[in-house]
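Notes to accompany the following structure.
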Amino acid sequence: MKKIYFFVEGQTEAIFVEQFLLAYMGYHNLKLERHKYISQYMSEKVIMRENPNAKYEVRIYDVGGDSNVTSKIKEKAESLIKDNGYDYIVGLHDLYRVKIDGEKIKKEEKKKIIEAFKKLFKNKDSYDKIKYVLAIMETEAWFLMDYKMFCKIDGALIPSFIKNELGYDLINDNPESYGHPTNIIDKIYHLCGKKYGKHEDDSYKIAYNLDYTDLCCNNEYRNKVSSWNYFLDCIDLVFE
């Protein structure tokens, strides 16, 4: 059984990765656990899906903040790979820190973060088993790719209505160009009297309504959104 360990920065990312993998890889292929960081010596098991016939064992670890993703991978990677038999580690967190304007600056910031991450690992064998994904600017940018999802939340939230009210062209815009995608989702929700607060119910509602088949199989999304394309490439590699 192949073993993959995910480090993600928060609850929203943990729920998204959980639901994405169950849809993309199939319930019948996965044994899955999701854990949440509590303290240095304690984590909480949030969800567990046993499957004696699984092809893949997946653990998703919510580290409780983007600044902890890198440090937790550095702390645990070698023991996970050498002592616990994990085949791959995937880290996922947002590029969003402070306001970053311009595509050139985003690329420079992304390059800087990835190069700093590489320097943490002197053991090349360990580093080759680690995939590090930066969502630009936030994982919520990937949710905005599926503009049809909002109609499932509320029938009034069609793309033309959102564009007329807020100026966001979800069909044609690259969501990586948005500075704070979480705020955009919240603004869209406000159009129908709802709020998006990154609570567990909010995250599950979006994760359940995303069209994973379209997002994964439609090359339009891969070609438009570079961080999504890289994430899918990483998933295809670690689960091959």
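The values are calculated or read from the model by the stated rules, or taken from the named source; none is laboratory data. Treat the numbers as computed from the prediction; the structure is a model and nothing was measured. Virtual Cβ from ideal backbone geometry, glycine too; neighbours counted across all protein chains shown.
Search the range 206-215 for residues being buried (at least 17 other Cβ atoms within 10 Å of the Cβ) and not small (G, A, S), and hand back the single one that is farthest from E18 (Cα to Cα). The extreme case among them is L215. The condition of being in contact with a Lys or Arg (Cβ under 7 Å, 6 or more places away or on another chain), surrounded by fewer than 16 Cβ atoms within 10 Å (Cβ to Cβ) and not in a loop (DSSP other than H, G, I, E, B) holds for E44.
Among the residues of the range 173-203, write down those that are assigned to a loop (DSSP other than H, G, I, E, B), of a type in the set (D, E, K, R) and free of Cβ contacts under 8 Å to residues at least 40 places away in the same chain. Lay out the reasoning, then the answer.
Residues of the range 173-203 that are assigned to a loop (DSSP other than H, G, I, E, B), as a first pass: 173-174, 178-180, 191-199.
If we keep only those that are of a type in the set (D, E, K, R) as well, we get 173, 194-195, 198.
Once the filter is applied, which keeps residues that are assigned to a loop (DSSP other than H, G, I, E, B), of a type in the set (D, E, K, R) and free of Cβ contacts under 8 Å to residues at least 40 places away in the same chain, the range 173-203 yields D173, K195.
Could you check the range 59-79 and list, in sequence order, the residues that are of a type in the set (V, I, T), surrounded by 22 or more Cβ atoms within 10 Å (Cβ to Cβ) and outside any strand (DSSP E or B)? Scanning the range 59-79 gives V63, V69, I73. Considering the range 158-169, and only residues there that are not in a helix (DSSP H, G or I) and not aliphatic (A, V, I, L, M), the residue that is farthest from the chain's Cα centre (by Cα) turns out to be G167.
Can you tell me which of K195, K148 is among the basic types (K, R), within 21 Å of E13 (Cβ to Cβ) and touching a helix residue (DSSP H, G or I) at 6+ places or on another chain (Cβ under 9 Å)?
Values: K148 fails: within 21 Å of E13 (Cβ to Cβ).
From the options K195, K148, the qualifying one is K195.
Taking the range 192-227 as the range and being within 23 Å of I162 (Cα to Cα), hydrophobic (A, V, I, L, M, F, W, C) and touching a Phe, Trp or Tyr at 6+ places or on another chain (Cβ under 8 Å) as the test, the residues that pass are I206, A207, L210, L215, V225.
Taking into account only those residues within the range 167-200 that are closer than 15 Å to W142 by Cα and among the charged types (D, E, K, R), which is surrounded by the fewest Cβ atoms within 10 Å (Cβ to Cβ)? Ranking the qualifying residues of the range 167-200, first place goes to D169.
Quick grid of which residues meet (1) at pLDDT 90 or above; (2) part of a strand (DSSP E or B):
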| residue | (1), (2) |
| --- | --- |
| I81 | yes, no |
| Y86 | yes, no |
| V90 | yes, yes |
| E109 | no, no |
| I113 | no, no |
| A116 | no, no |
| C151 | yes, no |
| I171 | yes, no |
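Step by step: first the residues of the range 210-240, then only those that are assigned to a helix (DSSP H, G or I) and of a type in the set (F, W, Y), then the one that is nearest to Y88 (Cα to Cα). Which residue is that?
That would be F231.
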